[in-house]
Every structure is written in structure tokens, then in C-alpha cells.
1. How much space per residue, in cubic angstrom, does the convex hull of the C-alpha atoms of segment 298-350 take up?
2. Rg/Rh for segment 224-269: what does it come to with C-alpha atoms and Rh from Kirkwood?
3. What does DSSP give for the chain in terms of the percent of beta bridges that are antiparallel, rounded to the nearest 5?
4. Suppose each label sits 7 Å from its Cα in the direction of the beta carbon; what would the S60-D194 distance come out to in nanometres?
5. Treat each spin label as a single point 7 Å out from the Cα along the C-beta direction, and report the A89 to S183 distance in nm.
6. Taking amide H positions as placed in the peptide plane 1.01 Å from N, state which residues far from E168 in sequence (5 or more) or on other chains have amide H under 5 Å from it.
7. Would you calculate a helix-derived [θ] at 222 nm for the chain, using -39,500 (n - 2.57) for each DSSP H run of n ≥ 4 and dividing by the full residue count, to the nearest 500?
8. Under the classification rounded if a/c is under 1.5, otherwise prolate if a/b is larger than b/c and oblate if not, where does segment 1-154 fall, given a ≥ b ≥ c as square roots of the Cα gyration tensor eigenvalues?
Amino acid sequence: MRRIAILGSTGSIGTQALDVIAANPTLFELFAITGHSNVALLAEQARRFKPNMVIITDDSKYLELKESISDLDDVKVFAGMQSVCDMVAMSSVDMVLTSMVGYAGLQPTIAAVKAGKTIALANKETLVVAGELICSLAEQYRSAILPVDSEHSAIFQCLAGEQDKSIEKLLLTASGGPFRTFSLEQLAHVTKVDALKHPNWDMGAKITIDSASMMNKGFEVIEAKWLFGVQKEQIDVVVHPQSIVHSMVQFTDGSIKAQLGMPDMRLPIQYAFAYPNRLPNNYDRVDFTQLSTLTFEKPDTNKFRNLAFAYDAMDKGGNMPCILNAANEVVVHAFLHDKIGFLQMSDIIEWAMMTMPFVAEPSYDDYVACDALVREKVAQKIG
Ligand code: NDP
Ligand code: MG
């Protein structure tokens, strides 16, 4: 029995992770769940799974949650981020799925790593902001980090049985999102409704916008650098609109391995939960006779500048990826609230990267200060 804590159980990844646990009751036990604002769903999940603990990170919703499940005697209810950090360090937790969205995932991920837990990592922003810190802590506290992001799970699966020194290149695939074929002129006029329609994946709002702007792929490049210890030159992005090839590894002898599957996040979640085992399931299978084509093309960084910014931020290092992430969180929020246009998101991120103070070797406190400052300045700029 692997005892799992799900951070962000009310989200897209969180709910799919619960499906995986429900399908394998003899292998996985749900120890704790956390949500931020969706009290009704969190309460429903508590009722269905009866975990030992339920935590709502927005303290103001504590009483509402507590009252709605007051009849569940064995389920303890807590509130706030500190409760999440305390919970992940408990001896009853074997594995922590980090599926909360954004910078908020950093603090509890650090707590779980310091407690030596196995991390199933969905919250890529953690590695974007503080990859160097997380990786050194993971080594120090012997915490294993298993990827949940589909591309990184694909690479991880391709690397099974291989040596790190045999990697020549990682080929990260990208769907290209809903605006892949749009001109800059068209991009200037797209709305949040257009951007929220992803062709292949059904995800939370923030990552759906990040996918449309290709910031998601930029983040994944940085995520890959930290997860697999490769250099910038060893990570290529290949646009593959069908999302069947989830990523590839090219080895030093020129051989390439790819992992394929239908676009379904339950598969990489299940792979991380059961690692190193594979579990049977009844998810849809790829039928090659039904696939008309698998195509591959170069990403256009003139149209999707965020991808180039991510490479620049990774190259510069220090707190630059933290600046990139904080600026992105604010502009995505503003775009989702109709305050700025689609292309303005990149303009403002570029401005933040050029003007915010650079710190070459940031400590944890530097990241916290940088995140707060960038949010404040970018929000002011948007007005
Ligand atoms: P969702 O928006 O669907 O869910 C986000 C979760 O985080 C919810 O449980 C939400 O709680 C919680 N949350 C929101 N704000 C906060 C906060 N300030 N503090 C603590 N918890 C908070 O996102 P996704 O599930 O799509 O994505 C989650 C993470 O996984 C992201 O980092 C994303 O990049 C990554 N990921 C997602 C993929 C996908 O297919 N969805 C694929 C690969 C990676 P509530 O709803 O109760 O407010
Ligand atoms: Mg991905």
C-alpha cells in the first residue's frame, strides 16, 4: 500500500489522480487531500474517499468545509498552507502529488522534499522558479522526484534502463495549442474563450492559457533541464499537433526512443504512482490504423515569444526563471479577466525580465521576495 497525499485534489490533475486511486484500492491509500476554494468538491471527495485529513488552503473557507463534513468523524479538517507543509512531512505519507497550480506549490513541495518523501510532480512552476534549490534539497534529503507532466513522463519512460551519459538530446513535443496556425495579426485579436479551447487536452484554466501562448512549453524546457540534468542545447521542442508522441529521447548513437499513447493524463499519473511497476487499465488505446498522420514541425518563436523567453531565462539562471513565472502568473490572470490582450502578455513578461532586479545565486528568501516584487510591479504596470 502506497499512502498518497494529493495537493490540489479539486483541480484537473487532482481529480484524475483520484480516479487512479479509486481504480486501484489495493495499491493506493488516500491519506490526505487539499483544495483552495472549491469547498463543495473537496467535501464531496472527503465523503467519497474518507482520507485521514482534508485541508483547505484558503483559511476563510475553513468553517464552511468543517460544517459540511461534520458528520465524518474520522476525517480531520485543517486550513492554511502551514497545515499542508506539516501534513506532507508526516510519517504516514509515502508519496505527495503536487497538483496545485502556480507558485503556491513551492512551499509545500520544499516541505515534502525535506521530509524525504517521494514527489509525483505535476506542479512544474516549482521547478521553473527554484529548480536548483529543489534538486539540491532532493539530493540532500534523498527525495525522489517522479514526473507527472506527460512529456517528462514520456522521457522518464524512455530513459528506463539507460544511462544519463547516453543522452544526446531530449525532444519535447508540443501540440502547438489552438493558435498554432494563426498569424500575428490574428493573435492580436484572440479572446480568452478562444484560448481556453485546447485541441487535445482538458486542463485547468491557467495551464490552458500557458499552452495557447507556448509558455507551458517554455516552462517544460526548464522543467526538463532540472529533472534530467541536461544542458540548454540538449533540449529541442518539436510541434506535433496530434499529441500522440508525448516526447522522445535521442541517444549518443543516434537511436531515438519515443513514448506514445492517447492524450490522457491518468496514464502519466498512474505511472508515477505505481513506479517502477506498470498497472493494467482500460483507457483508450492508440489504433495506428485509425491515425491518418503524425506530423512534426518547428515552433515559431517569432509568433510565440514566450518559448524564447524561457530559453533566455534558463540561460541567464539565478532568479530570472522566477521573474518569468511571476510575471506570467499575473499576465495570465489579467488576460483571463479581459484586462490585456493575448500578445500583451509576452510584451509585459519581456518588460519584467528586462527591468526586475537580477539575483545570480538566490536563496529561498530571495525567491519569495522576487515573486512578491514582480507580482506587485507587473500588476501596477497593467493598472
Ligand atoms: P487546476 O486549476 O485545474 O487546479 C488547481 C488546483 O490548485 C486546485 O485544486 C486548486 O484548488 C488549487 N489551488 C489554486 N490556487 C491555489 C493556491 N493559491 N494555493 C493552494 N492551492 C491552490 O489546475 P491543473 O490541475 O490543470 O494543474 C495543476 C498543476 O499541474 C499545474 O502546475 C499545471 O501546470 C500542472 N499540470 C497540469 C496538467 C493538466 O493536464 N491539467 C498537465 C501537466 C501539468 P481550488 O480549485 O479548490 O481552488
Ligand atoms: Mg505537459
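The values are calculated or read from the model by the stated rules, or taken from the named source; none is laboratory data. Everything numeric in this text was worked out from a predicted model, so none of it was measured. Neighbour counts run over all protein chains shown; Cβ positions are idealised from the backbone, glycine included. Remember, those area values only see protein heavy atoms, side chains included, never the ligands or the DNA or RNA. Shrake-Rupley method; radii C 1.70, N 1.55, O 1.52, S 1.80 Å.
1. Working: hull volume 3.6 nm³, N = 53.
Normalising the Cα hull of segment 298-350 by residue number yields 68 Å³.
2. Numbers: Rg = 12.2 Å, Rh = 12.3 Å.
On the Cα set of segment 224-269, Rg over Rh gives 0.99.
3. Working: 10 of 40 bridges.
Rounded to the nearest five, the antiparallel share is 25 percent.
4. With each label point 7 Å from Cα toward Cβ, the separation is 3.4 nm.
5. 5.8
6. Here the answer is Q250, F251, T252, since their amide H atoms fall under 5 Å of that of E168.
7. On the way: 16 runs with 176 residues, N = 383.
About -14000 deg cm²/dmol.
8. Working: a/c = 1.71, a/b = 1.48, b/c = 1.16.
In terms of gyration-tensor shape, prolate.
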